[in-house]
1. What number of residues within the stretch 233-272 are modelled with pLDDT of 95 or more and part of a strand (DSSP E or B)?
2. Whether any residue in the stretch 292-305 is basic (Lys, Arg), surrounded by fewer than 23 Cβ atoms within 10 Å (Cβ to Cβ) and at pLDDT below 95 is what I want to check.
3. Looking at 155, 170, can you tell me which residue is touching a Pro at 6+ places or on another chain (Cβ under 9 Å), at pLDDT 95 or above and closer than 14 Å to residue 71 by Cβ?
4. Identify, please: which residue in the stretch 342-369 is under 18 Å from the mean Cα position of the chain (by Cα) and hydrophobic (A, V, I, L, M, F, W, C) and is, among those, surrounded by the fewest Cβ atoms within 10 Å (Cβ to Cβ)?
5. Determine, yes or no, whether residue 287 is crowded, with 19+ Cβ neighbours inside 10 Å, in contact with a Pro (Cβ under 9 Å, 6 or more places away or on another chain), of a type outside the set (D, E, K, R) and free of Cβ contacts under 8 Å to residues at least 60 places away in the same chain.
6. Output the number of residues of the stretch 273-284 satisfying the condition of being surrounded by fewer than 22 Cβ atoms within 10 Å (Cβ to Cβ), under 18 Å from residue 323 (Cβ atoms) and at pLDDT 95 or above.
7. May I ask you to say which residue of 381, 335, 349 is free of Cβ contacts under 8 Å to residues at least 24 places away in the same chain and either farther than 18 Å from residue 141 by Cα or among the charged types (D, E, K, R) (or both)?
8. Are any residues in the stretch 212-261 free of Cβ contacts under 8 Å to residues at least 24 places away in the same chain and within 26 Å of residue 148 (Cβ to Cβ), and if so, which ones?
Amino acid sequence: MAHIHTTRRAAGATLGLVTGLTLAALTVGTLPAAASTSSAASPSALSSPRMPVGTTISPIASTIPANGDVNPYGVAVVPNSVGSLHRGDVLVSNFNSSANLQGTGTTIVQISPHGQVSTFATINAANLPGTCPGGVGLTTALSVLRSGWVIVGSLPTSDGTSATAQAGCLIVLDSHGKVRETFSGNGINGPWDMTAADYGSFVQLFVTNVLNGTVAGNGAVVNQGTVLRLSLVIPYGREPRLIATTEIGSGFPERTDPAALVVGPTGVGLSPWGTLYVADTAANRIAAIPDASWRDWSAGTGQTVTEGGALNSPLGLAIGNDDSILTVNGGDGYLVATSGWGNQLQKVLLDSTGTPPGSGSLFGLAVAPEGKGVYFVDDDLNNLNLLH
(Lines give C-alpha, C1' and ligand atoms only; values in the text may rest on other atoms or scores of the structure.)
Protein backbone atom coordinates (compact mmCIF):
# COMPACT_ATOMS: atom_id res chain seq x y z
CA MET A 1 0.00 0.00 0.00
CA ALA A 2 1.27 3.44 -0.85
CA HIS A 3 1.37 5.88 2.03
CA ILE A 4 -0.45 9.14 1.36
CA HIS A 5 1.00 12.39 2.61
CA THR A 6 -1.68 14.99 3.18
CA THR A 7 -0.26 18.39 2.33
CA ARG A 8 -1.23 21.98 1.80
CA ARG A 9 1.47 22.57 -0.76
CA ALA A 10 2.02 25.91 -2.43
CA ALA A 11 1.47 25.93 -6.18
CA GLY A 12 5.09 26.73 -6.86
CA ALA A 13 6.28 23.71 -4.90
CA THR A 14 4.00 21.43 -6.85
CA LEU A 15 5.16 22.82 -10.18
CA GLY A 16 8.73 22.11 -9.19
CA LEU A 17 7.91 18.42 -9.58
CA VAL A 18 6.72 18.82 -13.15
CA THR A 19 9.93 18.32 -15.07
CA GLY A 20 9.75 19.54 -18.64
CA LEU A 21 6.05 20.41 -18.37
CA THR A 22 4.83 23.03 -20.78
CA LEU A 23 3.41 25.73 -18.57
CA ALA A 24 0.77 26.52 -21.13
CA ALA A 25 -0.75 23.12 -20.38
CA LEU A 26 -1.43 24.29 -16.84
CA THR A 27 -2.67 27.77 -17.68
CA VAL A 28 -5.23 28.59 -15.05
CA GLY A 29 -8.23 30.87 -15.31
CA THR A 30 -11.43 31.57 -13.44
CA LEU A 31 -14.94 31.36 -14.77
CA PRO A 32 -16.44 34.53 -16.24
CA ALA A 33 -19.01 36.09 -13.96
CA ALA A 34 -21.85 34.87 -16.19
CA ALA A 35 -20.79 31.26 -15.66
CA SER A 36 -21.61 31.35 -11.98
CA THR A 37 -25.28 32.02 -12.68
CA SER A 38 -27.87 29.37 -13.37
CA SER A 39 -29.07 28.71 -16.90
CA ALA A 40 -32.83 28.32 -16.84
CA ALA A 41 -33.26 27.30 -20.47
CA SER A 42 -36.01 24.74 -20.89
CA PRO A 43 -35.10 21.50 -22.66
CA SER A 44 -37.22 22.46 -25.65
CA ALA A 45 -35.30 25.73 -26.01
CA LEU A 46 -31.84 24.16 -26.21
CA SER A 47 -30.15 25.38 -29.35
CA SER A 48 -26.74 26.27 -30.73
CA PRO A 49 -25.42 27.17 -34.21
CA ARG A 50 -23.18 24.10 -33.99
CA MET A 51 -24.24 21.17 -31.86
CA PRO A 52 -21.44 19.83 -29.61
CA VAL A 53 -22.30 16.14 -30.22
CA GLY A 54 -23.91 14.04 -32.94
CA THR A 55 -27.22 12.25 -32.65
CA THR A 56 -26.46 8.81 -34.10
CA ILE A 57 -25.98 5.92 -31.65
CA SER A 58 -23.93 2.92 -32.75
CA PRO A 59 -23.70 -0.11 -30.41
CA ILE A 60 -20.09 -1.29 -30.02
CA ALA A 61 -20.19 -4.40 -27.82
CA SER A 62 -21.52 -6.06 -24.69
CA THR A 63 -19.63 -5.19 -21.50
CA ILE A 64 -20.38 -8.50 -19.76
CA PRO A 65 -17.19 -10.58 -19.27
CA ALA A 66 -16.93 -14.34 -18.84
CA ASN A 67 -17.63 -14.17 -15.08
CA GLY A 68 -20.97 -12.45 -15.71
CA ASP A 69 -20.27 -9.06 -14.05
CA VAL A 70 -22.87 -6.43 -14.97
CA ASN A 71 -23.69 -2.75 -14.46
CA PRO A 72 -20.88 -1.03 -16.45
CA TYR A 73 -19.79 2.23 -14.82
CA GLY A 74 -16.35 3.62 -15.71
CA VAL A 75 -15.27 4.39 -19.29
CA ALA A 76 -11.73 5.36 -20.33
CA VAL A 77 -10.02 5.49 -23.73
CA VAL A 78 -6.52 4.00 -23.99
CA PRO A 79 -4.11 6.80 -25.06
CA ASN A 80 -1.05 4.68 -25.98
CA SER A 81 -0.27 1.09 -26.94
CA VAL A 82 1.56 -0.43 -23.96
CA GLY A 83 1.57 -4.07 -22.87
CA SER A 84 -1.92 -5.49 -23.36
CA LEU A 85 -3.38 -2.03 -23.94
CA HIS A 86 -4.03 -0.91 -27.52
CA ARG A 87 -4.35 2.75 -28.43
CA GLY A 88 -7.96 3.72 -29.11
CA ASP A 89 -9.46 0.78 -27.22
CA VAL A 90 -11.90 1.48 -24.42
CA LEU A 91 -11.73 0.12 -20.86
CA VAL A 92 -14.98 -0.35 -18.94
CA SER A 93 -15.26 -1.18 -15.22
CA ASN A 94 -18.20 -3.22 -13.88
CA PHE A 95 -19.81 -2.28 -10.56
CA ASN A 96 -21.98 -5.39 -10.00
CA SER A 97 -21.21 -9.09 -9.86
CA SER A 98 -23.19 -11.67 -11.85
CA ALA A 99 -25.63 -11.78 -8.92
CA ASN A 100 -26.36 -8.11 -9.71
CA LEU A 101 -25.27 -6.91 -6.27
CA GLN A 102 -23.95 -3.36 -6.31
CA GLY A 103 -20.41 -2.80 -5.12
CA THR A 104 -19.26 -6.34 -5.88
CA GLY A 105 -18.04 -6.11 -9.50
CA THR A 106 -14.39 -7.07 -10.02
CA THR A 107 -13.71 -6.83 -13.75
CA ILE A 108 -12.42 -4.36 -16.31
CA VAL A 109 -13.14 -5.24 -19.94
CA GLN A 110 -11.21 -3.96 -22.95
CA ILE A 111 -13.20 -3.19 -26.11
CA SER A 112 -11.81 -2.21 -29.50
CA PRO A 113 -13.57 0.43 -31.64
CA HIS A 114 -14.72 -2.47 -33.85
CA GLY A 115 -16.28 -4.39 -30.96
CA GLN A 116 -13.65 -6.98 -30.04
CA VAL A 117 -13.93 -7.71 -26.31
CA SER A 118 -11.46 -9.17 -23.84
CA THR A 119 -11.14 -9.15 -20.07
CA PHE A 120 -8.33 -6.79 -19.14
CA ALA A 121 -8.42 -7.56 -15.41
CA THR A 122 -10.27 -9.59 -12.81
CA ILE A 123 -9.37 -8.23 -9.37
CA ASN A 124 -9.39 -10.58 -6.39
CA ALA A 125 -9.77 -8.75 -3.08
CA ALA A 126 -7.86 -11.51 -1.28
CA ASN A 127 -4.78 -10.90 -3.40
CA LEU A 128 -4.55 -7.12 -3.22
CA PRO A 129 -1.00 -5.93 -2.44
CA GLY A 130 -2.25 -3.16 -0.17
CA THR A 131 -5.14 -1.99 1.97
CA CYS A 132 -8.62 -1.55 0.45
CA PRO A 133 -11.25 -1.38 3.22
CA GLY A 134 -14.18 -3.61 2.31
CA GLY A 135 -12.62 -5.24 -0.74
CA VAL A 136 -13.51 -4.71 -4.40
CA GLY A 137 -16.49 -3.07 -6.08
CA LEU A 138 -15.28 -1.17 -9.14
CA THR A 139 -16.76 2.29 -9.66
CA THR A 140 -16.84 4.94 -12.40
CA ALA A 141 -13.44 6.21 -11.22
CA LEU A 142 -11.31 4.84 -14.07
CA SER A 143 -8.27 6.38 -15.78
CA VAL A 144 -5.69 5.02 -18.22
CA LEU A 145 -2.37 6.87 -18.14
CA ARG A 146 -0.04 7.47 -21.08
CA SER A 147 2.60 5.34 -19.35
CA GLY A 148 0.25 2.33 -19.36
CA TRP A 149 -0.83 2.40 -15.73
CA VAL A 150 -4.54 1.91 -15.08
CA ILE A 151 -6.18 3.29 -11.94
CA VAL A 152 -9.69 2.33 -10.85
CA GLY A 153 -11.81 3.16 -7.82
CA SER A 154 -13.39 0.65 -5.47
CA LEU A 155 -16.48 1.28 -3.33
CA PRO A 156 -17.27 -2.21 -2.04
CA THR A 157 -20.27 -3.75 -0.33
CA SER A 158 -20.74 -7.25 1.05
CA ASP A 159 -24.38 -7.66 0.00
CA GLY A 160 -25.13 -4.95 -2.56
CA THR A 161 -26.69 -2.54 -0.05
CA SER A 162 -25.49 0.83 1.19
CA ALA A 163 -25.60 -0.43 4.79
CA THR A 164 -22.48 -2.50 4.11
CA ALA A 165 -20.64 0.03 1.92
CA GLN A 166 -17.04 0.67 2.97
CA ALA A 167 -14.37 3.24 2.14
CA GLY A 168 -12.58 1.21 -0.54
CA CYS A 169 -9.52 2.55 -2.31
CA LEU A 170 -7.89 3.32 -5.63
CA ILE A 171 -6.38 0.24 -7.28
CA VAL A 172 -3.32 0.60 -9.54
CA LEU A 173 -2.83 -1.97 -12.32
CA ASP A 174 -0.01 -2.31 -14.82
CA SER A 175 -0.50 -2.47 -18.60
CA HIS A 176 -1.10 -6.23 -18.42
CA GLY A 177 -3.96 -5.95 -15.91
CA LYS A 178 -1.96 -7.03 -12.86
CA VAL A 179 -2.66 -5.17 -9.61
CA ARG A 180 0.52 -3.57 -8.33
CA GLU A 181 -0.54 -1.30 -5.44
CA THR A 182 -3.44 0.50 -3.75
CA PHE A 183 -4.00 4.03 -2.46
CA SER A 184 -6.27 4.27 0.58
CA GLY A 185 -7.06 6.47 3.58
CA ASN A 186 -6.36 10.18 4.07
CA GLY A 187 -9.61 11.35 2.50
CA ILE A 188 -10.20 8.51 0.02
CA ASN A 189 -13.65 7.38 1.13
CA GLY A 190 -15.89 5.87 -1.52
CA PRO A 191 -14.05 7.02 -4.67
CA TRP A 192 -16.94 7.47 -7.10
CA ASP A 193 -15.47 9.05 -10.22
CA MET A 194 -12.16 10.43 -11.41
CA THR A 195 -10.30 12.26 -14.16
CA ALA A 196 -6.57 12.65 -14.73
CA ALA A 197 -4.23 15.42 -15.86
CA ASP A 198 -1.46 13.32 -17.36
CA TYR A 199 1.95 14.88 -18.05
CA GLY A 200 3.86 11.61 -18.35
CA SER A 201 6.11 11.34 -15.31
CA PHE A 202 3.79 13.59 -13.29
CA VAL A 203 0.04 12.99 -12.96
CA GLN A 204 -2.77 14.64 -11.05
CA LEU A 205 -5.89 12.61 -10.25
CA PHE A 206 -9.12 14.40 -9.36
CA VAL A 207 -11.40 12.07 -7.37
CA THR A 208 -14.92 12.53 -6.00
CA ASN A 209 -15.70 10.78 -2.70
CA VAL A 210 -19.23 9.95 -1.53
CA LEU A 211 -19.02 8.02 1.78
CA ASN A 212 -18.14 10.76 4.27
CA GLY A 213 -20.96 10.31 6.78
CA THR A 214 -23.32 8.96 4.12
CA VAL A 215 -23.92 5.47 5.54
CA ALA A 216 -24.47 6.88 9.03
CA GLY A 217 -26.99 9.34 7.53
CA ASN A 218 -29.21 6.36 6.62
CA GLY A 219 -30.81 8.05 3.61
CA ALA A 220 -30.72 11.63 4.92
CA VAL A 221 -28.68 14.18 2.97
CA VAL A 222 -25.30 14.98 4.51
CA ASN A 223 -23.13 17.74 3.10
CA GLN A 224 -19.77 16.02 3.30
CA GLY A 225 -18.93 14.95 -0.25
CA THR A 226 -15.40 15.86 -1.34
CA VAL A 227 -13.12 16.28 -4.33
CA LEU A 228 -9.47 15.29 -3.83
CA ARG A 229 -6.44 16.04 -5.99
CA LEU A 230 -3.84 13.29 -5.80
CA SER A 231 -0.36 14.10 -7.11
CA LEU A 232 1.67 11.19 -8.48
CA VAL A 233 5.18 10.84 -9.81
CA ILE A 234 5.94 7.89 -12.08
CA PRO A 235 9.59 6.84 -12.08
CA TYR A 236 10.67 5.06 -15.25
CA GLY A 237 9.91 1.35 -15.00
CA ARG A 238 8.38 1.60 -11.53
CA GLU A 239 4.94 1.97 -9.95
CA PRO A 240 3.35 5.40 -9.55
CA ARG A 241 4.24 7.04 -6.25
CA LEU A 242 1.65 9.14 -4.45
CA ILE A 243 3.36 12.22 -3.06
CA ALA A 244 0.48 14.46 -1.97
CA THR A 245 -3.28 14.60 -1.61
CA THR A 246 -5.18 17.88 -1.32
CA GLU A 247 -8.87 18.46 -0.69
CA ILE A 248 -9.97 21.01 -3.31
CA GLY A 249 -13.75 20.61 -2.94
CA SER A 250 -15.95 19.87 0.07
CA GLY A 251 -19.49 20.10 1.44
CA PHE A 252 -21.22 18.44 -1.52
CA PRO A 253 -24.60 16.87 -0.70
CA GLU A 254 -24.70 13.07 -0.64
CA ARG A 255 -27.04 10.34 0.55
CA THR A 256 -27.59 6.62 0.35
CA ASP A 257 -30.20 5.39 -2.09
CA PRO A 258 -31.82 1.94 -2.34
CA ALA A 259 -31.68 1.97 -6.15
CA ALA A 260 -28.41 3.81 -6.85
CA LEU A 261 -26.59 2.74 -3.64
CA VAL A 262 -25.32 6.27 -3.12
CA VAL A 263 -25.98 9.71 -4.62
CA GLY A 264 -23.29 12.36 -4.39
CA PRO A 265 -20.70 14.26 -6.42
CA THR A 266 -19.88 12.11 -9.43
CA GLY A 267 -18.31 12.97 -12.77
CA VAL A 268 -15.36 15.34 -13.08
CA GLY A 269 -13.65 16.91 -16.07
CA LEU A 270 -10.69 19.29 -16.30
CA SER A 271 -10.89 22.17 -18.77
CA PRO A 272 -7.82 23.34 -20.73
CA TRP A 273 -7.67 26.46 -18.55
CA GLY A 274 -7.53 24.55 -15.25
CA THR A 275 -11.14 24.62 -14.08
CA LEU A 276 -12.49 21.33 -12.76
CA TYR A 277 -16.16 20.74 -13.50
CA VAL A 278 -18.10 18.50 -11.10
CA ALA A 279 -21.45 16.79 -11.61
CA ASP A 280 -23.15 17.68 -8.33
CA THR A 281 -25.77 14.96 -8.65
CA ALA A 282 -27.82 15.54 -5.49
CA ALA A 283 -28.07 19.30 -6.12
CA ASN A 284 -28.86 18.80 -9.84
CA ARG A 285 -26.16 21.17 -11.04
CA ILE A 286 -22.72 21.41 -12.57
CA ALA A 287 -20.15 23.04 -10.30
CA ALA A 288 -16.80 24.60 -11.18
CA ILE A 289 -13.66 24.55 -9.05
CA PRO A 290 -11.22 27.11 -10.48
CA ASP A 291 -7.44 26.68 -10.34
CA ALA A 292 -7.92 22.97 -9.66
CA SER A 293 -4.35 22.01 -10.54
CA TRP A 294 -2.84 24.74 -8.38
CA ARG A 295 -5.02 25.51 -5.39
CA ASP A 296 -4.03 24.22 -1.97
CA TRP A 297 -7.33 24.90 -0.21
CA SER A 298 -10.91 23.77 -0.65
CA ALA A 299 -13.24 25.75 -2.90
CA GLY A 300 -16.21 24.32 -1.00
CA THR A 301 -18.94 23.31 -3.43
CA GLY A 302 -17.51 25.58 -6.13
CA GLN A 303 -19.30 27.98 -8.42
CA THR A 304 -22.57 27.01 -10.09
CA VAL A 305 -22.16 26.79 -13.85
CA THR A 306 -25.73 25.65 -14.55
CA GLU A 307 -28.53 23.95 -12.67
CA GLY A 308 -31.94 22.55 -13.46
CA GLY A 309 -33.15 22.91 -17.03
CA ALA A 310 -32.35 19.71 -18.93
CA LEU A 311 -30.21 18.39 -16.08
CA ASN A 312 -31.80 15.53 -14.15
CA SER A 313 -29.37 14.18 -11.55
CA PRO A 314 -26.22 14.45 -13.71
CA LEU A 315 -23.77 11.59 -13.23
CA GLY A 316 -20.94 11.00 -15.72
CA LEU A 317 -19.11 14.06 -17.05
CA ALA A 318 -16.56 14.64 -19.80
CA ILE A 319 -15.08 17.65 -21.56
CA GLY A 320 -15.99 17.67 -25.26
CA ASN A 321 -13.64 18.43 -28.12
CA ASP A 322 -15.03 21.97 -28.30
CA ASP A 323 -14.58 22.38 -24.51
CA SER A 324 -18.30 21.86 -23.89
CA ILE A 325 -19.29 20.08 -20.69
CA LEU A 326 -21.01 16.78 -21.45
CA THR A 327 -23.08 15.10 -18.74
CA VAL A 328 -25.48 12.15 -18.68
CA ASN A 329 -28.55 12.16 -16.48
CA GLY A 330 -29.34 9.59 -13.82
CA GLY A 331 -33.00 10.61 -13.73
CA ASP A 332 -33.68 10.07 -17.43
CA GLY A 333 -31.84 8.88 -20.52
CA TYR A 334 -30.47 12.18 -21.80
CA LEU A 335 -27.00 13.53 -22.46
CA VAL A 336 -26.78 17.29 -21.95
CA ALA A 337 -24.11 19.55 -23.46
CA THR A 338 -23.37 22.80 -21.61
CA SER A 339 -20.97 25.61 -22.47
CA GLY A 340 -18.40 26.89 -19.99
CA TRP A 341 -20.57 30.00 -19.74
CA GLY A 342 -23.43 27.92 -18.36
CA ASN A 343 -25.65 27.76 -21.46
CA GLN A 344 -27.30 24.40 -21.96
CA LEU A 345 -26.69 23.89 -25.66
CA GLN A 346 -28.08 20.48 -26.55
CA LYS A 347 -29.71 17.36 -25.18
CA VAL A 348 -29.75 13.96 -26.85
CA LEU A 349 -31.85 10.97 -25.82
CA LEU A 350 -29.55 7.96 -25.33
CA ASP A 351 -31.90 5.49 -23.60
CA SER A 352 -35.67 5.34 -23.13
CA THR A 353 -36.04 1.98 -21.40
CA GLY A 354 -37.44 1.51 -17.91
CA THR A 355 -39.68 3.67 -15.75
CA PRO A 356 -39.25 6.63 -15.83
CA PRO A 357 -37.80 6.24 -19.36
CA GLY A 358 -34.00 6.05 -19.26
CA SER A 359 -33.79 6.41 -15.48
CA GLY A 360 -30.69 4.73 -14.07
CA SER A 361 -29.39 3.63 -17.47
CA LEU A 362 -26.46 6.00 -17.94
CA PHE A 363 -23.24 6.53 -16.01
CA GLY A 364 -19.74 6.73 -17.48
CA LEU A 365 -18.74 8.42 -20.73
CA ALA A 366 -15.55 9.39 -22.54
CA VAL A 367 -14.75 11.39 -25.65
CA ALA A 368 -13.53 9.29 -28.57
CA PRO A 369 -10.17 10.19 -30.16
CA GLU A 370 -9.98 12.67 -33.04
CA GLY A 371 -13.43 14.06 -32.38
CA LYS A 372 -15.16 10.92 -33.58
CA GLY A 373 -17.90 10.98 -30.96
CA VAL A 374 -18.62 10.08 -27.36
CA TYR A 375 -18.45 6.58 -25.86
CA PHE A 376 -21.04 5.81 -23.20
CA VAL A 377 -22.20 2.75 -21.29
CA ASP A 378 -25.82 1.68 -20.92
CA ASP A 379 -26.32 0.00 -17.55
CA ASP A 380 -29.68 -1.51 -18.46
CA LEU A 381 -28.44 -3.16 -21.64
CA ASN A 382 -24.88 -3.77 -20.40
CA ASN A 383 -23.19 -2.46 -23.51
CA LEU A 384 -20.84 0.20 -24.81
CA ASN A 385 -22.12 2.61 -27.45
CA LEU A 386 -20.75 5.43 -29.57
CA LEU A 387 -22.69 8.67 -30.02
CA HIS A 388 -21.56 10.37 -33.21
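The values are calculated or read from the model by the stated rules, or taken from the named source; none is laboratory data. What you see is a predicted model; the values in this text were computed from it and never measured. When we count neighbours, we look across all protein chains shown, and the Cβ atoms used for this are built from the backbone with ideal geometry, even at glycine.
1. So the count comes out to 26.
2. No: the stretch 292-305 contains no residue that is basic (Lys, Arg), surrounded by fewer than 23 Cβ atoms within 10 Å (Cβ to Cβ) and at pLDDT below 95.
3. Result of the check over 155, 170: 155.
4. First, the residues of the stretch 342-369 that are under 18 Å from the mean Cα position of the chain (by Cα): 360-369.
Applying the additional criterion that residues be hydrophobic (A, V, I, L, M, F, W, C) yields 362-363, 365-368.
On the way: 362: 26, 363: 25, 365: 25, 366: 23, 367: 19, 368: 17.
The qualifying residue surrounded by the fewest Cβ atoms within 10 Å (Cβ to Cβ) is 368.
5. So residue 287 passes the test.
6. Of the residues in the stretch 273-284, 1 are surrounded by fewer than 22 Cβ atoms within 10 Å (Cβ to Cβ), under 18 Å from residue 323 (Cβ atoms) and at pLDDT 95 or above.
7. Working: 381 fails: free of Cβ contacts under 8 Å to residues at least 24 places away in the same chain; 335 fails: free of Cβ contacts under 8 Å to residues at least 24 places away in the same chain.
One residue alone meets the criteria, 349.
8. 237, 238
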